[in-house]
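Throughout, read-outs are computed from the coordinates displayed, never taken from laboratory work. As the structure is a computational prediction, the values presented were derived from the model and not from experiment. Here the Cβ positions follow ideal geometry from the backbone for every residue, glycine too, while neighbour counts run over all protein chains shown.
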Amino acid sequence: MVSSVTNLGRSGVFDWLIQRVTAYVLALYTLFLLGFMVFSDVNYETWAALFSQTWFRIFTLLALLSIGAHAWVGLWTVTTDYIKAMAPRFLIQALCGLTMFVYVIWGIQILWGL
Amino acid sequence: MLVSLYRYNPETDSAPYMQDVEVDIPEGKDLMVLDVLNLIKERDSSMAYRRSCREGVCGSDGMNMNGTNGLACITPMSQVVKKNKLVLRPLPGLPVIRDLVVDMSLFYKQYEKVMPYLVNDTPAPAIERLQTPEDREKLDGLYECILCACCSTACPSFWWNPDKFIGPSGLLQAYRFLADSRDTAQAERLSNLDDPFSVFRCRGIMNCVSVCPKGLNPTKAIGHIRNLLLQRAT
């Protein structure tokens, strides 16, 4: 058993499962948006109407949280593979975490138009 | 034929270098790479490499031949030689002791971690612990591993984290005991593997499968371990 405290969950299965589940959410969201762009006339009115519906705001928030979790698992793996020195590795991990946190909060602000 | 050899003797060389050697290959014969190394050693006895059974059973002569890991004793020249040239290097990712001889300590340390022995604390029967033919069949494709390290040293995940990621060879052995009907330590074995490095560093690129000289499939075994972990945790 190798111990680690900077990955998303404490367990390898947890990280693995979260990455797969969030990948499905992101794929669904992407497909939906692509479908929307292909099959409806995209202009300010239709776009605003889509984002004014609660279910789509929830779906978007879910996609945002999914990006956060998915990117954390992925970038944590990349940093532990390629950056061997503890200080720069932790700094980059913290920077990634901060960026994702900002994106999620900013996304909520945009979605609910605070 | 031109053979390019990785040479390094820490007592005399400050850095490793490649040495080009011209070797006369007997006409009409498809020699194994090990035979060619033996021809070279007849001329230059300072050339160091491991070999023992010379028939793909002991796993001593794992090396990198024209960029691909394999056992020199069962790899015919016709299969690896490109443009009449053969480049021989030690297994990648492990510290070199001398020439083609690598230090396998990290590899064995990972092997040791998976408890590569049967654990069963129940009283031993008079003769032996029996298995049904079906249960025995589950070990096929797992027990044949000869620990030559060709797979683990072809795996980038093992190159980057050889101290934390168990590697394809160790994981194949881990599943060999997880799948054994006579073993009673499955829960303990799985608990030891459930961290983000030991199993989950595998990214499924299957280098291990493409180089295994025994034709085994560590990626499939890793998939089985992942399923066992998932079943236990969800």
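Here the Gaussian network model covers chain B, with springs between Cα atoms less than 10 Å apart; of B:Val96, B:Val23, B:Val209, B:Val23 fluctuates the most. The angle separating the long axis of helix B:167-178 from the principal Cα axis of greatest extent in chain B is about 30 degrees.
Think of each Lys and Arg Cβ as +1 and each Asp and Glu Cβ as -1; about the Cα centre, that makes the dipole of region B:1-126 roughly 260 debye. Dipole check for region A:11-114: with +1 at the C-beta of Lys and Arg, -1 at the C-beta of Asp and Glu, and the Cα centre as origin, the magnitude is about 300 Debye. Sparse packing (at most 15 other Cβ atoms within 10 Å of the Cβ) combined with a DSSP loop state is found for the following trypsin sites (Lys or Arg not before Pro) in region B:24-53: B:Lys29. In this Cβ point-charge picture (+1 for Lys and Arg, -1 for Asp and Glu), region B:142-232 has a dipole of about 200 debye about its Cα centre. Which one of B:Val119, B:Cys148, B:Tyr108 is farthest out on the positive end of the charge dipole of region B:97-174, using unit charges on Cβ (Lys, Arg +1; Asp, Glu -1) and the Cα centre as origin? It is B:Tyr108, whose Cα lies furthest towards the positive end.
Check each of the trypsin sites (Lys or Arg not before Pro) in region B:58-128 and keep only those in coil by DSSP with at most 15 other C-beta atoms within 10 angstrom; list them in order.
Filter output for region B:58-128: B:Lys83.
Between A:Leu28, A:Phe90, A:Ser40, the Cα set farthest toward the positive side of the dipole of chain A (charges on each charged residue's Cβ, about the Cα centre) is that of A:Phe90. Cross-link pairs exceeding 25 Å between alpha carbons, from the set A:Lys84/B:Lys220; B:Lys41/B:Lys113; A:Lys84/B:Lys85; B:Lys41/B:Lys164; B:Lys138/B:Lys164; B:Lys164/B:Lys220: A:Lys84/B:Lys220; B:Lys41/B:Lys113; A:Lys84/B:Lys85; B:Lys41/B:Lys164; B:Lys138/B:Lys164. Cα axis of helix B:218-233 to longest principal axis of chain B: angle in degrees, 0 to 90, nearest 10? That helix lies at roughly 20 degrees to the long axis.
Dividing the helix sum by the residues of chain B, where each DSSP H run of 4 or more adds -39500 (n - 2.57), gives a mean residue ellipticity at 222 nm of -9000 deg cm²/dmol.
Say a site is exposed when it is one of the GluC sites (Glu not before Pro), sits in a DSSP loop, and has at most 14 other Cβ atoms within 10 Å; what is then the longest site-free stretch of chain B?
Values: sites that count: B:Glu11, B:Glu27, B:Glu55, B:Glu128, B:Glu144.
Here the longest run is B:145-234.
Modelled this way, with points 7 Å down the Cα-to-C-beta line, the labels at B:Asp121 and A:Ala48 are 7.0 nm from one another.
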